[in-house]
Amino acid sequence: MSEDIAVAVTGLHKRFGALEVLKGVTLAARTGEAIAIIGASGSGKSTLLRCIPLLEVPEEGEVAIAGETVRMRLRRGVRQPAEPAQVNRLRAQLGFVFQSFNLWHHMTVLQNVIEAPIHVQHRPRADVVAEAESILEKVGMADKRDAYPAHLSGGQQQRAAIARALAMRPRALLFDEPTSALDPELVGEVLLVIRDLAEEGRTMLIVTHEMAFAAEVSTHAVFLHDGRIEEQGPPTQIFRDPTTDRCRQFVQRHLNR
């Protein structure tokens with residue numbers, strides 16, 4: 001596998017009971033790429049993203065981070081990672097930003113950001129705090145460093161969550177519908193932060209329903225339908241001149257909202 005591939009999935013199948021959500025998905029994100037993953041609700045977008053850090057374990061297929069494939073085994077007929085320590089190590093190279101923020105409510109913004117770098121990566125506290133303050137400045141949250149999540153707007157909480165992900169110095173950032181839980185007037189402040197990260201050349205996989213935003217920031221776009229990649233290519237193709245009728249109808253419907 002090429003050294004410049006930050007994240008790769010090959011032949012992923014994921015089932016929940018009798019429902020097969022992913023049906024053989026293969027996708028690679030090169031270092032510096034911003035991949036927009038689009039598709040209708042239930043197409044498998046979020047499940048695909050959650051399989052990358054093994055928050056969901058696929059029944060078939062492989063996941064690789066920076067060229068290292070997660071080793072799997074069967075135990076009592078159930079597929080699972082062979083070495084939990086490997087998963088934890090590889091997972092630490094990914095920054096995951098959820099729909100629902102998932103901040104620790106008993107900690108301030110700064111404490112949320114520094115917790116994992118200190119206790120998971122075992123980096124010196126003084127260095128982590130200095131870097132966290134710089135990151136909070138970057139995402140426009142420096143003045144909220146000592147605030148608790150309950151005192152923040154949804155947009156501020158999501159920007160704090162992005163800062164927390166960045167503090168881990170991740171090889172890739174995974175965004176799962178980062179604006180879907182926000183009031184409409186707060187969406188723009190979060191998209192602006194992600195846009196700035198794209199301009200920095202951060203490696204990102206972004207599940208989003210914000211079509212105009214996806215067209216603007218992505219270097220590659222993927223359209224999922226019914227658990228399969230129906231079409232993928234440069235954003236100029238996917239958002240302006242899709243080759244499949246289903247992708248064309250989806251993009252036109254959502255771009256015109």
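The values are calculated or read from the model by the stated rules, or taken from the named source; none is laboratory data. The shown structure was predicted, so the numbers you read here are calculated from the model rather than taken from an experiment. Positions of Cβ are backbone-derived with ideal geometry, glycine not excepted, and every protein chain shown enters the neighbour counts. What goes into the accessible areas is simple: the full protein's heavy atoms, side chains included, and nothing from ligands, DNA or RNA. Shrake-Rupley method; radii C 1.70, N 1.55, O 1.52, S 1.80 Å.
Points worth noting:
- Strands (runs of 3 or more DSSP E) (entirely within region 31-91) containing at least 2 residues that are open to solvent by less than 10 Å² (accessible area, probe 1.4 Å), in contact (Cβ under 8 Å) with a residue 12 or more places away in the chain and touching a strand residue (DSSP E or B) at 6+ places or on another chain (Cβ under 6 Å): 34-38, 60-65
- Which numbered condition A212 misses (of (1) under 22 Å from R50 (Cβ atoms); (2) out of contact with any Gly (no Cβ under 7 Å at 6 or more places or on another chain)): (1)
- Any hit, region 172-193, residues being open to solvent by 10 Å² or more (accessible area, probe 1.4 Å), aliphatic (A, V, I, L, M) and out of contact with any helix residue (DSSP H, G or I) (no Cβ under 7 Å at 6 or more places or on another chain): yes
- Taken over region 1-29, the residue count meeting the criterion of being surrounded by fewer than 16 Cβ atoms within 10 Å (Cβ to Cβ) and within 23 Å of R91 (Cβ to Cβ) is 8.
- Selection count where residues are at pLDDT 95 or above and of a type in the set (G, A, S), scope region 54-81: 2
- Within region 1-20, restricting attention to residues that are farther than 18 Å from M72 by Cβ and in a strand (DSSP E or B), the residue that is farthest from the chain's Cα centre (by Cα) is L19.
- Only helices (runs of 4 or more DSSP H) whose full extent lies in region 174-257 are considered here, and the ones with at least 3 residues that are closer than 28 Å to R15 by Cβ and touching a residue at least 12 places away in the same chain (Cβ under 8 Å) are 245-255.
- Considering T236, T208, the condition of being open to solvent by less than 10 Å² (accessible area, probe 1.4 Å), hydroxyl-bearing (S, T, Y) and under 25 Å from V251 (Cβ atoms) is satisfied by T208 alone.
- Of E33, E3, all but one fail to be at pLDDT below 95 and of a type outside the set (S, T, N, Q); the exception is E3.
- Test for V87: is it among the hydrophobic types (A, V, I, L, M, F, W, C) and either more than 23 Å from the chain's Cα centre (by Cα) or farther than 30 Å from K144 by Cβ (or both): yes
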